[in-house]
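Before any comments, here is the structure.
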Amino acid sequence: MRIVFLSGGARHNALRYLLQRGENVCAVVTPLLNAGNCRFKDVVLTAVEFGVPVFPVLREGVDDVIKRFAPDVIVSCGFPYILSKACISSARFAINVHPTLLPKYRGFRSGAYILINGEAESGITVHFLTAEMDRGDILVQKSFPLTPFDTPQSMYRKGQTVEPSALYEAIQLLKSESFSVIKQDESQASEYKAVRTPADSQVDPQRSLLELMNEIRACDTEAYPAHFYYKGQKVCIKLWRPDKSINESDMI
């Protein structure tokens with residue numbers, strides 16, 4: 001099956017997993033590269049390593065690449081552009097890899113809220129693309145446990161341990177032409193669309209530290225550290241466990 005792989009994030013592990021197992025990825029599509037958007041460079045480097053052509057495009061250029069390669073499968077894996085209905089229907093199958101357990105936590109920026117809400121698990125969902133974002137039928141879903149000490153970085157790492165195999169499993173199901181799907185239960189749905197800003201990491205110092213624990217660990221200590229204001233000065237918060245094991249380096 002001819003696959004076009006669309007990515008706008010650091011999702012090279014999934015691409016490499018497919019290529020190492022002989023899947024026919026005929027093109028990789030990314031947004032245009034620029035100085036402020038280098039997080040998907042490893043996707044590009046992986047494609048180049050395996051001799052797969054790369055097409056950096058603007059939003060309106062996606063359809064042209066899809067038409068050019070006439071793929072059997074479109075894979076959207078961290079791709080920031082919503083595909084048109086015509087684009088989706090131009091391939092035999094069009095699937096998306098979403099880094100949560102749908103229908104919970106739909107949207108591009110939902111990850112931090114998994115931690116803020118104190119969820120005990122998260123996961124990866126491979127679902128069919130539809131005109132409405134993150135609402136297609138579920139093909140494959142894999143979960144992993146979260147601890148009270150997980151951070152956005154460690155949750156991403158855990159997701160990356162299961163995402164490649166989940167996508168590969170989905171491709172095999174499509175190739176077999178024998179698969180069942182799970183309809184998303186709208187009564188369980190939640191959605192987070194807004195991009196988090198530094199202001200979102202401001203916490204209320206009147207609340208106890210234990211009450212604030214989930215909010216603090218959901219913040220990126222470098223990009224937007226948890227903070228409060230005291231006597232007109234911004235005070236940032238950093239948590240750490242001096243006795244944590246070496247394999248928890250990206251956790252509190």
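Values quoted throughout were computed directly from the atomic coordinates according to the rules given, and no laboratory measurement underlies them. Since the model is a prediction, treat every value here as computed from it, not as a measurement. Cβ coordinates were reconstructed from backbone atoms using ideal geometry, including for glycine residues, and neighbour counts include every protein chain displayed.
Just a few scattered comments:
- Under conditions of 25 °C and 0.890 mPa s, the stretch 29-105 yields 179 µm² s⁻¹ as its translational diffusion coefficient, taking Rh as the Kirkwood radius over Cα pairs in the Stokes-Einstein equation.
- Gain on full stretching of the segment that runs from Glu222 to Leu209 - 0.36 nm per residue minus C-alpha separation: 2.7 nm
- Given Lys104/Lys158; Lys41/Lys238; Lys104/Lys142; Lys41/Lys175; Lys104/Lys193, the pairs whose alpha carbons are separated by over 21 Å: Lys41/Lys238; Lys41/Lys175
- Expected 222 nm ellipticity per residue - DSSP helices of 4 or more, -39500 (n - 2.57), all of the chain, to 500: -8500 deg cm²/dmol
- Highest average packing first - 198-205, 230-237, Cβ atoms within 10 Å: 198-205, 230-237
- Using 0.36 nm per residue and subtracting the Cα-Cα separation, the extra length available between Leu33 and Arg59 on full extension is 8.1 nm.
- In the chain, the DSSP beta bridges split such that about 45 percent are antiparallel, to the nearest 5.
- Of the three principal axes defined by the Cα atoms of the chain, the extents in descending order read 61, 40, 35 Å.
- Shape of the stretch 91-220, Cα gyration tensor, a/c cut at 1.5: prolate
- Fluctuation leader among Glu60, Glu215, Glu177 - the chain, Gaussian network, Cα springs under 10 angstrom: Glu177
- Share of Cα-Cα pairs in the stretch 188-248 lying beyond 13 Å, as whole percent: 68 percent
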